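Report on the following structure.
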Amino acid sequence: MTSTIALPHNRTIHRTVLDNGITVLVTENPSADIIAARLFFKAGSRWEAIAQAGLSHLVAAVMTKGTEHHSSLEIAERVESIGASLSTDAASDYFLLSLKTVSADFTEMLQLASELLRTATFPESEVELERRLALQAIRSQQEQPFTVALDRLRQDMYGDHPYSLSGLGSAETVANLTREDLQQYYQTHFRPDNLTISIAGRITPDEAVSQVEAILGNWHTPLVSLSNLDLPIVTSKPTRSTIAQETQQSIVILGYLAPSVKPETMADYAALKLLNTYLGNGLSSRLFVELREKRGLAYEVSAFYPTRLDTSYFVTYMGTAPTNTEVAFSGLKTEVERLCTAPLSSDEIQVAKNKLLGQYALGKQTNSQLAQIFGWYETLGLGVEFDSQFQDEIATVSAEAAQEIACRYFGDPYVSLLGPADAIGSVV
């Protein structure tokens, strides 16, 4: 089944579903002799049990370390000998294999990717090595005050939901993961009907689909269907957590539960993305100007609102001198609340739109970026049409709508404070 989707700026995406369920997206871009591909699976930390947190990350780290036909060194030499790149990664809502090469070597790289997807062996020695590296990374994170405070906030907000933990997992969960756990995850999620391949570069849609069909078309879908996830419902019960540490700065984080990226919440999602840009994106953002430039309260200050399949979170944070902890907390909370009590002007809304849409356009310049964003949208279940839908939604957000959304979502925040005991103890 093949369809063609026309997007703004004369960009056309060709979408084909092979007989075994693989979805192939092709964006022809002949401007450079480069082809980038992103192979997405509906996997990632969202599909992990809490007791196995960090499993996706460990699978990604070990998957390239050997197949039934090639050793870890042979795989690395094969990629480097032609100047290509190949990597794996796990995020909250997907698992990803990325590759980039000149067009003449694309078939060879796709064959290697197929090997990794179908015959990875997860050698015990490599599992142990990558486990040690993961545990080292976890220990390193626990020495970073912001990461510690954010981890506590996530745990308070998400409880038993997989989003509550870092993608690396915890020292306890990673220490207990076995090679058999990795193999079970691999066998469960790596299957053709769970795969989207997004290709961008100097290749025609017919050529791309033909090559995918030739290399992966004989990959059979298992008879057992993928089971549906039964995740806990995230409910709002704002809490305040304090972590006493003798640090040189206090970390102040406020979190608000926010909508997932679903059709039924698209207007809210777009408005919050716009408010995030206005509030905490860059040196001209309200938080930076008001709290750092005018009042000198912040070493760093910003906001973020990640796109998620399940309930997301809108976070504002600040690093400040311990003596300023109480006033910094009050200032950060006040700036968020102002979005509800004082509507933005038409000029402020327009500047935020221009900034957000400009950055969005700049994120779709290279073949790698194009393959990433369209494959991501398809994997999230939004379809590549979301590219234009998102821009249209942003363009229609009014000052009144932004204020109404702010009032609805920015009530009592979850709070995470880290710093010297006397400093964070003064916050009321």
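Summing Lys, Arg as +1 and Asp, Glu as -1, what charge do residues with Cβ under 10 Å from the Cβ of Pro222 carry, Pro222 excluded?
0
Take Asp347 and Glu143, extend 7 Å from each Cα along the Cα→Cβ direction, and tell me the distance between the two endpoints in nm.
4.8
Can you grab the distance from the C-alpha centre of the range 196-235 to the C-alpha centre of the range 10-62, Å, no decimals?
Computed from Cα coordinates, the inter-centre distance equals 7 Å.
Please give the net charge around Val26, taking every other residue with its beta carbon less than 11 angstrom from that of Val26, where Lys and Arg add +1 and Asp and Glu add -1.
That sum, taken over residues with Cβ under 11 Å, equals -2.
Work out the FRET efficiency for Arg118 and Ala421 from their Cβ-Cβ distance, taking R0 = 56 Å, and round it to the nearest 0.05.
About 0.55, to the nearest 0.05.
If contacts are Cα pairs under 8 angstrom and at least 6 residues apart, what is the relative contact order of the range 100-237 in percent?
Relative contact order for the range 100-237 comes out at 33 percent.
Taking a virtual spin label 7 Å from the Cα of Thr239 along the C-beta vector, which residues in the range 132-171 bring their backbone nitrogen under 13 Å of it?
Backbone N within reach: 151-161, 164-165.
If you plug each phi of the range 316-322 into the Karplus form 6.51 cos²θ - 1.76 cosθ + 1.60 with θ = phi - 60°, what whole-Hz ³J(HN,Hα) values come out, in order, with x for Gly and Pro?
10, 8, 8, x, 9, 5, x
Pop the C-beta distance of Ala49 and Ser398 into the FRET formula with R0 = 45 Å and round what comes out to the nearest 0.05. Each step should come with its number before you reach the end.
Numbers: r = 43 Å, r/R0 = 0.96.
FRET efficiency, Ala49 to Ser398: 0.55.
Please get the size of the charge dipole for the range 178-254, origin at its Cα centre, with Cβ charges of +1 on Lys and Arg and -1 on Asp and Glu, quoted in debye to the nearest 20. Intermediate values should be presented prior to the final figure.
Values: 5 positive and 8 negative charges, 71 e Å.
Value, rounded to 20: 340 debye.
Be a star and scan the range 48-66 for residues whose amide nitrogen sits under 13 Å from the point 7 Å along the Cα-to-Cβ vector of Leu231.
48-50
Sort 95-103, 37-45 by packing, meaning the average of other beta carbons within 10 Å per residue, with the highest value first.
Averaged packing, sorted descending, gives the order 37-45, 95-103.
Report the residues of the range 378-402 in range of a label on Val17: point 7 Å along Cα→C-beta, backbone N strictly under 20 Å from it.
378-387
With a 10 Å radius around each residue's Cβ, average the other Cβ atoms per peptide and rank 189-197, 273-281, highest first.
On the way: 189-197: 21.3, 273-281: 23.7.
The densest-packed peptide leads the list: 273-281, 189-197.
Longer than 25 Å from Cα to Cα, which of Lys262/Lys355; Lys42/Lys262; Lys237/Lys355; Lys42/Lys333; Lys237/Lys333 are they? Say none if no pair is.
Working: Lys262/Lys355 23 Å; Lys42/Lys262 16 Å; Lys237/Lys355 33 Å; Lys42/Lys333 36 Å; Lys237/Lys333 17 Å.
Where the Cα-Cα span goes over 25 Å, the pairs concerned are Lys237/Lys355; Lys42/Lys333.
Between the range 326-361 and the range 272-299, how many Å separate their Cα centres?
Each part reduced to its Cα centre gives a spacing of 8 Å.
Do you know the relative contact order of the chain, to the nearest whole percent, from alpha carbon pairs under 8 angstrom that are 6+ apart?
Values: 805 pairs, mean separation 93.8, N = 428.
Relative contact order here is 22 percent.
Could you tally the net charge around Phe304, taking each other residue with its Cβ under 14 Å from the Cβ of Phe304, Lys/Arg +1 and Asp/Glu -1?
Within the 14 Å Cβ shell, the charges total +2.
Would you mind getting me the FRET efficiency between Asp160 and Glu80? Use the beta-carbon distance for r and R0 = 60 Å, nearest 0.05. Don't skip to the end; give the middle numbers.
Numbers: r = 43 Å, r/R0 = 0.71.
After rounding, the FRET efficiency stands at 0.90.
Take peptides 302-312, 204-214 and line them up by average Cβ neighbours within 10 Å, highest first, as a rough protection proxy.
In decreasing order of mean packing, 302-312, 204-214 become 302-312, 204-214.
Coordinate-derived values only; no laboratory data. In this text, all values refer to a predicted model and were calculated from it rather than measured experimentally. Cβ: placed from backbone, ideal geometry, glycine included. Neighbour counts: every protein chain shown.
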